Each structure stands twice: as C-alpha cells, then as structure tokens.
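Participant: Below you'll find the structure I mean.
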Amino acid sequence: MLEITLNIAEYVFLLAGVGMLMAGIAQYGRRTQDWGGVVRMFYRRIDMTVDEFKWYRIGVACVVVAVILRIVNFTFWPL
C-alpha cells in the first residue's frame, strides 16, 4: 500500500513541478517577449519578477521531491 502511495505521490510531484516550471517560464516569456531568454534561464541569471521566480523555484522544489521519492521507492522496493 505504501509503495503505491509513494509511486502516485512521485508522479503528482513531478507533474506539478513541471507545470509550475512551465508557468514561471511562460510568465517570463510573455512579459519580456524574449523567448531566447528562456534558454538562458537554465545557465545564467536573468531578471525575473517575484511571481515568476516563485513559480520557478516551487517547480524546482517539487521536481527535487519527486526525485527523492523515486530514490526512496527504489531503495525500499527494488524492481
């Protein structure tokens, strides 16, 4: 039962995280009309508003939680 719950939670966090990342990226792209800056976002600091940064940071945190849940799943219930 716990294995199934962790598996579902992993996918929920992953999908939510990717969705939040895309929301922050889309907000930045719409505001600046600099869609090339979206690529630079991953390796260089760019000017983001507070809302864009919040969506981006929460998305990254959710993806990290999903990765941790995947590691826990593989540690306790290997294939």
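The values are calculated or read from the model by the stated rules, or taken from the named source; none is laboratory data. Bear in mind that the values here come from a model prediction, so they are computed numbers and not experimental data. When we count neighbours, we look across all protein chains shown, and the Cβ atoms used for this are built from the backbone with ideal geometry, even at glycine. For accessibility, only protein heavy atoms count, side chains too; no ligands or nucleic acids. Shrake-Rupley method; radii C 1.70, N 1.55, O 1.52, S 1.80 Å.
Participant: At residue 38 and residue 2, where each label point lies 7 Å from the Cα along Cα→Cβ, what is the point-to-point distance in nanometres?
Facilitator: Result for the modelled spin labels: 4.1 nm.
Participant: Sticking with this one: Can you sort 3, 10 by 1.4 Å-probe accessible area, starting with the largest? If you can, show how the numbers build up before the last one.
Facilitator: Numbers: 3 85, 10 5 Å².
Order by accessible area, largest first: 3, 10.
Participant: Another question, if that's okay. Whole-Hz ³J(HN,Hα) for each residue in the range 52-60, computed from phi via Karplus 6.51 cos²θ - 1.76 cosθ + 1.60 with θ = phi - 60°, x for glycine and proline: what do you get?
Facilitator: 4, 5, 4, 4, 5, 5, 5, x, 4
Participant: Give me a comma-separated list of calculated 3J(HN,Hα) values for the range 64-79, in order, Karplus coefficients 6.51, -1.76, 1.60 applied at θ = phi - 60°, integers in Hz, x for any Gly or Pro.
Facilitator: 5, 4, 5, 5, 5, 5, 4, 5, 4, 4, 6, 6, 8, 10, x, 5
Participant: How much area per residue is accessible in the chain when the probe is 1.4 Å and only protein heavy atoms are counted (Å²)? Working shown, then result.
Facilitator: Values: 5720 Å² over 79 residues.
Counting only protein heavy atoms, the per-residue value for the chain is 72 Å².
Participant: Could you run the Karplus curve 6.51 cos²θ - 1.76 cosθ + 1.60 with θ = phi - 60° over the range 7-12 and give me ³J(HN,Hα) per residue in whole Hz, x for Gly and Pro?
Facilitator: 5, 5, 4, 4, 5, 5
Participant: Give me the percent of the accessible area of the chain that comes from carbon and sulfur atoms, probe 1.4 Å, all protein chains in place. Let's see the in-between values first.
Facilitator: Working: 4010 of 5720 Å².
Carbon-and-sulfur percentage of accessible area, whole number: 70.
Participant: Here is a follow-up. Compute the relative contact order of the range 1-76 as a whole-number percentage, counting only Cα pairs closer than 8 Å that sit 6 or more residues apart in sequence. Present the calculation step by step, with values, prior to reporting the outcome.
Facilitator: Values: 66 pairs, mean separation 39.4, N = 76.
Result for the range 1-76 is 52 percent.
Participant: Could you compute the FRET efficiency for residue 71 and residue 51, with r as their C-beta to C-beta distance and R0 at 35 Å, rounded to 0.05?
Facilitator: Working: r = 31 Å, r/R0 = 0.89.
Efficiency for this residue pair is about 0.65.
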